[in-house]
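Working notes, beginning with the structure itself.
Quick note: the coordinates plus some simple rules give every number you see, no bench work behind them. Keep in mind it's a predicted model, so treat the numbers as computed, not measured. Quick reminder, even Gly has a Cβ in these numbers, built from the backbone with ideal geometry, and neighbours come from all protein chains shown.
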């Protein structure tokens, strides 16, 4: 079950692995207690609503709305980089005009059922087909001999995986672990209902590794973009690979990921967060069936409308690469997205390198089998370190930049995660403010 | 918090309330143990997939597919009435042609956010508006001074309610109760993750009624169509009203339901189960916020595409009643649906009354404030009792009729729940087979 993403020579991932080990020691003490407190207080962060209603926001948050603010207003506004809201992609889809339009009639989406011949009876065949085509095109995941399970975002699929892997009659909840910094939603989702089936343990190292436990391997990692493999290596290890960001706009595609359970999401591939669609590629039929059972119990399936739309959008991408005529008309999706991410990372590294206030992780460089370009991983988020203050999130908030503090990821307050995939206007303003801070903070 | 649905003189609900009391005594012993066993075995019923793969089904199940089978084939097929798949409505929506079509472009549904000015930041304003209009039109629920929370079906909203009402730091899980027969999914959803926040207790009467507990009041009730009020009446009572079937095709609308927490679903109102959309009307802002938090943690919102489509469909219904010109062109939705349910119930009662094999509950008659018609509740399900055999589900299965046995609803095996809202061809074949059984079983 070893990760194949990271196993090629092209990707220089050793820096990232060393960093993971570093965190393992540094942040274990702070974090478990802090996360438990967050959950107990009912303040589960990712406070999508609360920020808007806060006392000190000074008005509407620009990134909250899908539409950017008019020029001139933005300099007094809060820039919300807390969520990975992928509004960066909207302008691309607008350029595509009516090519991605779908018409859905009133008599559609009446039945619960999509295809009773497959394990996932609520999976629309057109969506399954588009997913398979897209993976074949990009070369980022094996789809052969696998079941596709569709979910209401990869968030629901993560819960479905926990349900599927944790026996109902076990004497103790199964340990769920992941090396810090880990995706901040994992502990919240795992512990929000105080399940007797599983329990968040974060990156503690003192659990029984002979007994079954689940390790979440996120690669490229959210929040820091590192390329990862499993780190706990116990004999009870069950791996779940969150490969939401293993797309050619974020990282070189070095090989087809070939893990037992892989989670993908539309939000970070085509940028359609509002559809709430994710999919899992699952080798073991019994596990796929239990995941389907969970989605049946918790929501009796997944929106057909979103599956129909997602299929259309994915197939427009597939067609654009397969049909050379189309490709001459306009930039193709992954080319656009990779170039846009490259531009943003170039701007970000430039401004960070100009001063002493911040630093960014070094990320591995590799050649991409899809684009045949050589580039460093350019994640959807910046894992920004404040070099001169202890509480980076609060510091940036004073400058009206909203980010998510490191403690939410099992790490230190010196770090924040900042989304880089919002509207261009917000991004430019973010860069302008970082530059301003650098000039103020310089010795 | 007393139910106002049942409080008018028009609705003769005493039969139903007596029946509820009867069940309270009769079935308590059988059921809790059985349900626990079902859950522990991992055989959570509602086996949407399993039936298809069964040994003895003799082929594809007719109701599984959205399209009916061609004539002549149906007599050898299994008729699947296990699920409340509302395919009955499909022919109506086909008749409406392109009036309910929606066109959705590729640049839509990019952001997670819909409207950050409301508590439910993922609620599409058009959907909220259509819901409010529809309730005002039908007169089945108060919408003033309430928050609308949208969910991935009312199934997700039920979980959101449990999360919102059960304190995280309570020493014991909160008791979740409901008088039998209760909706079979409630115990499965409640106990599937062995939550420490809440625990299914069904209709046991020996819990501490002074401490907070949640009673689910489903009215009209699933599975038996009875009109209900709360029955446990302890001082710790917190009521959640599932009013999924409080629509004028199923029961006379006697007053605007005015409860603290009310759950609705599109599946049973307009018949669009595949959209996976439900909504809650919630008085208390703090509860609404916690429900929103749950949906944020468990799926980061709800499909925008389905909300956009649902708004269109609801508004076509709203317009048809408000615009007299439209109404002359074709039958309006609730008139069509009420007449179709009346026709089906008339056929069902006729065939049941002709023999000794089956019986059906007597349901209350009332005048409907919406249609101004006087009629008896005509539920989406038949709560059918086998008078001459002990295991009604197995008996009907021999006749290739798939239903859900009474034990799943906390009741006896002599009962089954059979969906009456499937395709017309399946319904007619169901009636034909009941007639055949009656003729075979007659003394």
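Here are the numbers for the structure shown:
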{"read-out": "Qualifying residue in region B:106-117 (condition: within 30 Å of residue B:254 (Cα to Cα), within 28 Å of the chain's Cα centre (by Cα) and touching a residue at least 60 places away in the same chain (Cβ under 8 Å))", "value": "no"}
{"read-out": "Candidate set from region A:198-220 (those that are part of a loop (DSSP other than H, G, I, E, B) and in contact (Cβ under 8 Å) with a residue 60 or more places away in the chain); member that is nearest to residue A:186 (Cα to Cα)", "value": "A:203"}
{"read-out": "Check on residue B:297, within 10 Å of chain A (Cβ to nearest Cβ), without any contact (Cβ under 8 Å) to a residue 12 or more places away in the chain and either buried (at least 17 other Cβ atoms within 10 Å of the Cβ) or not in a helix (DSSP H, G or I) (or both)", "value": "yes"}
{"read-out": "Residue that is nearest to residue B:367 (Cα to Cα) [pool: residues in region B:235-277 that are within 12 Å of chain A (Cβ to nearest Cβ) and part of a loop (DSSP other than H, G, I, E, B)]", "value": "B:270"}
{"read-out": "Residue list for region A:99-127, filter: in contact with a strand residue (DSSP E or B) (Cβ under 6 Å, 6 or more places away or on another chain) and under 15 Å from residue A:295 (Cβ atoms)", "value": "A:119, A:120, A:123"}
{"read-out": "Residues of region A:278-294 satisfying the condition of being facing chain B (nearest Cβ under 10 Å) and under 19 Å from the mean Cα position of the chain (by Cα)", "value": "A:278"}
{"read-out": "Top-ranked residue in region B:113-133 [being part of a loop (DSSP other than H, G, I, E, B) and crowded, with 21+ Cβ neighbours inside 10 Å; ranked as farthest from the other protein chains (Cβ to nearest Cβ)]", "value": "B:123"}
{"read-out": "Selection from region B:313-326 of residues that are surrounded by fewer than 18 Cβ atoms within 10 Å (Cβ to Cβ) and either without any contact (Cβ under 8 Å) to a residue 40 or more places away in the chain or touching a strand residue (DSSP E or B) at 6+ places or on another chain (Cβ under 6 Å) (or both)", "value": "B:319, B:323, B:324, B:325, B:326"}
{"read-out": "Helices (runs of 4 or more DSSP H) (entirely within region B:303-403) containing at least 2 residues that are more than 21 Å from the chain's Cα centre (by Cα) and within 30 Å of residue B:151 (Cβ to Cβ)", "value": "B:304-322"}
{"read-out": "Subset tally (residues that are out of contact with any strand residue (DSSP E or B) (no Cβ under 8 Å at 6 or more places or on another chain) and facing chain A (nearest Cβ under 9 Å)) for region B:139-166", "value": "2"}
{"read-out": "Looking only at region A:100-112, and only at residues there that are surrounded by fewer than 24 Cβ atoms within 10 Å (Cβ to Cβ) and assigned to a loop (DSSP other than H, G, I, E, B), the one that is farthest from the other protein chains (Cβ to nearest Cβ)", "value": "A:108"}
{"read-out": "Residue ID - farthest from the other protein chains (Cβ to nearest Cβ), chosen from residues in region A:176-185 that are crowded, with 23+ Cβ neighbours inside 10 Å and not in a loop (DSSP other than H, G, I, E, B)", "value": "A:177"}
{"read-out": "Index of the failed condition, residue A:76 passing every other in (1) surrounded by fewer than 23 Cβ atoms within 10 Å (Cβ to Cβ); (2) under 23 Å from residue B:306 (Cα atoms)", "value": "(2)"}
